[in-house]
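Working notes for the structure below.
Read-outs throughout are calculated quantities, based only on the coordinates presented, and are distinct from any laboratory measurement. Keep in mind that what you see is a predicted model, and the values were worked out from it rather than measured.
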Amino acid sequence: MRARQESCCFTGHRPGKLPWKYNEEDIRCLALKGRITDAVEAAYQEGYRHFLCGMAMGCDLYFCECVLALRERHPDVTVEAAIPCPTQADRWPAAQRERYARLVSACDFETLVSQQYTSTCMQRRDRYMVDHAALLIAAFDGSAGGTRYTVEYAMKRGLDIVDLPIVTGNFTEF
């Protein structure tokens, strides 16, 4: 694996907190995916080569897909799935479980943070990613929860943070 100064991690909301929920064709979701792609490309241009993803449903999987696409263009990129526990995706909808399995298998590394689910394994996963990175990309609306915890922890640890705000209102593209 790469040195911390070459590593970038990500945090973002799950579908339940996103205004478009599971509708990834929503213009706001497509816009966020575009901003994630731009942020990942900018991180690469700044020298980041190792990308850590917490593999949660929603924004984490968008990020993982963007980084895997980056790796197709730049073979020096590595992707690490930081998995909080073996049962992370067990209760997800079938299509999301299949997506998760496909993405994890495409990653260069898998790090299992806890051997079983515990009430703190998600936060342990988030701390692991922040502790092994110099840059955090965050798709965040400011609300309480795991994404906020990760952003605040990254701030305490002195990481550079790229903020990708979640657009919550409705808008029309002109």
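Bridgeable lysines around LYS33 (alpha carbons under 18 Å apart, same-chain partners fewer than 8 residues away excluded): LYS17, LYS21. Of all aspartates and glutamates in the structure, the ones whose alpha carbon falls short of 12 Å from that of LYS156, not counting any fewer than 8 places away in one chain, are ASP131. Normalised by the number of residues in the chain, the average gap of Cα pairs under 8 Å and 6 or more apart makes the relative contact order 28 percent.
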